[in-house]
Amino acid sequence: MTPATRQEVLGLYRKVLQIAKNWQSASGQIEETMREKEYIRNEARTLFRKNKNVTDPNLIKQCIAECEARIEIGLHYNIPYPRPIHLPPMGLAHKQGRTLRHQEKLRKISKPIYLKSHDEVS
């Protein structure tokens, strides 16, 4: 990891922790706000620790892009949790060869960047 990339990753981590510190839930209830703040801190801690030994530059760029996307979506919708995607069953396969393995491959490819690591952690 280059020093510039390291500084970018550390800056993102600090930004996430700062967001958690200043977070206010959409409902305004204190209990919900505290729960969401804790979720943001735990999610950041878990994902950053999980990826601390990543050395592939392309994978590092993907992780950075995922973090930035989750920050933007969380701030825009005012929810810290990843937004779910709804794909109809067998809705992605081509007209020929509707096999389960092909469906799983297409679902993995079509997953938004902000959900790439969510299923692995939760």
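The values are calculated or read from the model by the stated rules, or taken from the named source; none is laboratory data. Worth saying up front: this structure is predicted, and the values here are computed from it rather than measured. Quick reminder, even Gly has a Cβ in these numbers, built from the backbone with ideal geometry, and neighbours come from all protein chains shown. Areas reflect the complete protein model, heavy atoms only, side chains present, ligands, DNA and RNA absent. Shrake-Rupley method; radii C 1.70, N 1.55, O 1.52, S 1.80 Å.
Remark on S117: its backbone amide H falls under 5 Å from none of the residues 5 or more positions apart or on other chains, H modelled at 1.01 Å from N. Shown is the FRET efficiency for L10 and E32, computed with R0 = 25 Å from the Cβ-Cβ distance and rounded to the nearest 0.05: 0.25. The average projected area of the range 1-84, computed from the convex hull of its Cα atoms over all directions, is 5.5 nm². For the range 1-44, the share of accessible area belonging to carbon and sulfur comes to 55 percent (1.4 Å probe, ligands and nucleic acids excluded). Across the range 4-20, coupling constants 3J(HN,Hα) worked out from phi with the 6.51/-1.76/1.60 Karplus curve, θ = phi - 60°, read 5, 5, 4, 5, 5, 5, 5, x, 5, 4, 4, 5, 5, 5, 5, 4, 4 Hz, and Gly and Pro carry x. For the range 1-84, the solvent-accessible area of protein heavy atoms averages 67 Å² per residue (probe radius 1.4 Å; ligands and nucleic acids excluded).
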